[in-house]
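Here's the structure we're looking at; comments come further down.
The values are calculated or read from the model by the stated rules, or taken from the named source; none is laboratory data. Only a predicted model underlies this, so the values are computations on that prediction, with no experimental measurement involved. Here the Cβ positions follow ideal geometry from the backbone for every residue, glycine too, while neighbour counts run over all protein chains shown. All accessible areas refer to the heavy atoms of the entire protein, side chains included, with ligands and DNA or RNA removed. Shrake-Rupley method; radii C 1.70, N 1.55, O 1.52, S 1.80 Å.
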Amino acid sequence: MILARRRAPLLTLIAVAGVALYLFPIYWMFISGLKDSAEIFANPPSLFPRAPSLAAFQHVFARENVLRYLRNSLAIAVPVTLLTVAMGACGGYALSRLRSRLVDAALFAVLMLQVFPDALLATPMFIIFKFLGLLNTFAAVILATTSKTLAFALVILRPMFRQVPIELEEASLVDGCNRFQTFRRIVLPIMHIPLIVVGALSFVQAYGQFVYALTLLSRQELQPATVGIYSFVGAEYADWNRVMAFSSVFVVPILVLFLALQRRIVAGLTAGALK
Amino acid sequence: MVGSRSPLLFVFLAIPILYLLALVAFPVAYNILMSLQDVTLGNITSFARPFVGLDNYREVLGDPDFRKVLLNSLLFVAANVIAQLGIGLAVALFFSQRFPGVHFLRGLLLAAWMLPALVVGALWKWLFATQYGVINFAIGSPVHWLADPSLSLASVTIANVWFGMPFSMILISAALTGIPLEPYEAAALDGAGPVQRFRYITLPALRPALLAVACLITIYTMRAFDLIFAMTGGGPLDSSNVLPLFSYQFTFQQFRFGIGAAIGTFAFFIVFAVALLYVHTLRREAVE
């Protein structure tokens, strides 16, 4: 044990070095955005920007409509998050409380329905939303993306709702609350942290949505940042400092959300996927 | 259980299930329908389309590019499963030791997995750039990671392993902490070394979890689209193309909807079979 304790600081050191190396690409993204047009193509590349410059950031804000792209990404991600959490809470609660063949079948359906690649559902989605007259609206991308986040949310939330003691609900029902009041006033407040985690993960998925935005939105002024970034890198030649500046601005909200909720996200993921 | 047959619960269950049936099950079924029809830009939104039986499938199977892309997909998935499980297990074992900051540092790796796949693709395209990329600088030789047909699939695989490994590692870590300590104490008393303990206690205890994680990796990598689309667009010469991207190209670039749908069906069958295995594994684990 004494040996183990003496080794501990060394292990921390190894872990810090390993994690830093693993996440080097993210560092490189931010640092590349801070280089000017000459330094980005310097050979050998500088591991720290010699003359940090905000020129690339200024360019993407002034010329590439980054703010519009970000607004569009948020206009998709926020409603997806709300829809997913609302339907996920209802469904996860029902799945954790009902016990019948029907529920087994529903759970099986949810697990199976989360596996289909969205690129392969893009054509039917296109036809559905054309039929509904929703092409070139955020609603189409929101509804399509929610089909992906919802299945994931149900899988994660069901085991968490099961941990809410049934005695609490029984007491509330005895006190004269009906089932819905019990759900709203007793169950949901207890579940607020798992719901925040599911909301954060749904937000991240919707914020990064690409295929449905690409196929359901043809008007450039509606497209989210993923499509905007793709229009940069799809070409043979790219101004990498600008692409990386754009990407950096785009991922900051995700990284902030992640750092704020890191421990809970880890706990949420492990609770759902293997149970 | 009080009110377990409450009608409210059935309504609560019906809302998300109907949603998923409408926007996942229906599109899947519709896709299979299209794969049996001659679908053109003219009749895409009407239901009155000529059925052509299995013609689309025959054409797809006769296409040497399809065979190449199918093989690519299988290689891409297999390499991801092996690398993510292998590296994920090694990293999870490292983080199962006790040292200051262990949980924070382990969780930090997930930052890679949180990024949008499209951004990961753009970022790795830059890292792999032949002339100015930092990877070629590090190895000191101008390798054409993305432009060389014999390397492009390996390059997108490396990027995807980087992207997905932290998630796999976190799941393996969770399974590791679930192993009871008693067998280790007994084995230590009997004089078993760390390799023996790993071989005879850890690995057998982890087997169901590793199988479940392998299924999840398969499902997630069969889905890969954004990352490859951003890095190589499936090229050069379909050398890094995979089924979802190949299907997308037929549908949205060549407007050959029936062919795109038929290619999609092959991918559906693969993920469906793996998902069945996954659910079966979870069930068995839950029973034990």
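Would you compute, from DSSP H runs of 4+ residues alone, the mean residue ellipticity of chain B at 222 nm, taking -39500 (n - 2.57) per run and dividing by the full residue count, rounded to the nearest 500? Before the final figure, lay out each step's value.
Numbers: 15 runs with 193 residues, N = 288.
Helices in chain B give a 222 nm mean residue ellipticity of -21000 deg cm²/dmol.
Can you pull the Rg over Rh of the protein assembly as shown, Cα-only, Kirkwood?
On the way: Rg = 24.4 Å, Rh = 25.1 Å.
Answer for the protein assembly as shown: 0.97.
List the aspartates and glutamates whose Cα sits under 17 Å from the Cα of A:LYS148, skipping any in the same chain fewer than 8 residues away.
A:ASP118, B:ASP226
Once the Cα atoms of helix A:192-207 and of chain A are each reduced to a long axis, what angle between those two axes, in degrees from 0 to 90 to the nearest 10, is obtained?
The two axes meet at around 40 degrees.
Using only the alpha-carbon atoms, how far is helix B:7-20 inclined from the longest principal axis of chain B? Give it as 0 to 90 degrees, nearest 10.
Computed tilt is about 60 degrees.
Given the C-alpha atoms of the range A:1-136, compute the convex hull and give its volume per residue in Å³. The partial results should precede the final answer.
Numbers: hull volume 36.5 nm³, N = 136.
Per residue, the Cα convex hull of the range A:1-136 comes to 268 Å³.
Please sort by residue number the trypsin sites (Lys or Arg not before Pro) in the range A:138-246 whose DSSP state is loop and whose Cβ has at most 11 other Cβ atoms within 10 Å.
Values: sites: A:LYS148, A:ARG162, A:ARG179, A:ARG184, A:ARG185, A:ARG219, A:ARG242; in loops: A:ARG219.
Sites meeting the loop and neighbour criteria: A:ARG219.
Can you give the calculated 222 nm mean residue ellipticity of chain A, where each DSSP H run of n ≥ 4 adds -39,500 (n - 2.57) and the sum is split over every residue, rounded to the nearest 500 deg cm²/dmol? Don't skip to the answer; put the middle values down first.
Numbers: 13 runs with 201 residues, N = 275.
When only DSSP H runs of four or more count, the value is -24000 deg cm²/dmol.
Pick out, in residue order, every one of the GluC sites (Glu not before Pro) in the range A:164-241 that is DSSP loop and has at most 14 other C-beta atoms within 10 Å; say none if there are none. Let's see the in-between values first.
Details: sites: A:GLU167, A:GLU169, A:GLU170, A:GLU221, A:GLU236; in loops: A:GLU236.
Filter output for the range A:164-241: A:GLU236.
For the Cα atoms of chain B, what angle does the longest principal axis make with the long axis of helix B:117-127, in degrees from 0 to 90, nearest 10?
80 degrees
Two decimals is fine: what is log10 I(q)/I(0) at q = 0.16, 0.29, 0.30 Å⁻¹ for the range A:1-53, from a Debye sum with one equal scatterer on every Cα and no solvent?
-0.59, -1.03, -1.06
Express the relative contact order of chain B as a whole percentage, based on alpha carbon pairs under 8 Å and six or more residues apart in sequence. Let's see the in-between values first.
Working: 318 pairs, mean separation 80.6, N = 288.
Across chain B, relative contact order equals 28 percent.
Based on C-alpha coordinates, I'd like the Rg and Dmax of the range B:65-287, in Å.
So, for the range B:65-287, Rg and Dmax equal 20.0, 68 Å respectively.
List for the range A:194-211: residues with 10 Å² or greater reduction in accessible area, all protein chains versus chain alone, probe 1.4 Å?
Those are A:LEU201, A:VAL204, A:GLY208, A:PHE210, A:VAL211, which lose 10 Å² or more relative to the chain on its own.
Based on alpha-carbon positions alone, could you give the equivalent ellipsoid semi-axes of the range A:64-273 from the gyration tensor, as √(5λ), descending, whole Å? Working shown, then result.
Working: eigenvalues 258, 78, 43 Å².
Its equivalent ellipsoid spans semi-axes of 36, 20, 15 Å.
Compute the distance from the alpha-carbon center of the range B:68-82 to that of the range B:20-35, in whole Å.
Between the Cα centres of the range B:68-82 and the range B:20-35 lies a distance of 25 Å.
In whole Å, what is the distance between the alpha-carbon centres of the range A:132-182 and the range A:245-265?
Using only Cα atoms, the two centres lie 25 Å from each other.
Magnitude of the Cβ-charge dipole of the protein assembly as shown, K/R +1 and D/E -1, about the Cα centre, nearest 20 debye?
On the way: 38 positive and 25 negative charges, 209 e Å.
Result for the protein assembly as shown is approximately 1000 debye, rounded to the nearest 20.
In Å², nearest 100, what accessible area do chains A and B bury in total when the solvent probe is 1.4 Å? Each step should come with its number before you reach the end.
Numbers: alone 16380 and 16800 Å², together 24100 Å².
The contact between B and A buries close to 9100 Å².
In Å², and per residue, what accessible area does the protein assembly as shown have when probed at 1.4 Å with the other protein chains present? Don't jump to the answer; show the numbers that get you there.
Details: 24100 Å² over 563 residues.
I get 43 Å² per residue for this part.
Need one value for B:100-113: mean number of C-beta atoms belonging to other chains within 10 Å of its residues' C-beta atoms. Before the final figure, lay out each step's value.
On the way: counts 5, 6, 4, 3, 5, 8, 4, 9, 10, 6, 5, 10, 4, 4.
Mean inter-chain Cβ contacts per residue within 10 Å come to 6.
Using a 1.4 Å probe on the protein heavy atoms, what percent of the accessible area of the range B:147-278 belongs to carbon and sulfur?
Details: 3270 of 4880 Å².
Here carbon and sulfur together make up 67 percent of the probe-accessible area.
Loop sites only, by DSSP: take the trypsin sites (Lys or Arg not before Pro) in chain B that have at most 12 other C-beta atoms within 10 Å and name the longest stretch containing none of them.
Numbers: sites that count: B:ARG5, B:ARG98.
Result for the longest clean stretch: B:99-288.
For the range B:86-147 and the range A:2-70, what is the separation of their Cα centres, given in Å?
With the range B:86-147 and the range A:2-70 each reduced to a Cα centre, they are spaced 12 Å.
Which value, in Å to one decimal place, does the Kirkwood hydrodynamic radius take for the range A:80-134 when every pair of different Cα atoms is included?
Working: mean 1/r = 0.0745 Å⁻¹.
About 13.4 Å, per the Kirkwood formula over Cα pairs.
Compute, for the range A:105-199, the length of the dipole vector about the Cα centre, with Cβ point charges of +1 (Lys, Arg) and -1 (Asp, Glu) only. Units Debye, rounded to 20. Could the numbers behind the result be given before it?
Values: 7 positive and 5 negative charges, 51 e Å.
That gives the range A:105-199 a dipole magnitude of about 240 debye.
Below 9 angstrom from the Cβ of A:ASP118, what's the summed charge of the other residues (Lys, Arg +1; Asp, Glu -1)?
Neighbour charge sum, excluding A:ASP118 itself: +2.
Starting from the range A:37-96, pick out the trypsin sites (Lys or Arg not before Pro) whose DSSP state is loop and whose Cβ has at most 16 other Cβ atoms within 10 Å. Mind showing how you got there, number by number?
Values: sites: A:ARG50, A:ARG63, A:ARG68, A:ARG71; in loops: A:ARG50, A:ARG63.
For trypsin sites (Lys or Arg not before Pro) across the range A:37-96 that sit outside H, G, I, E and B with at most 16 neighbouring Cβ atoms in 10 Å, the list reads A:ARG50, A:ARG63.
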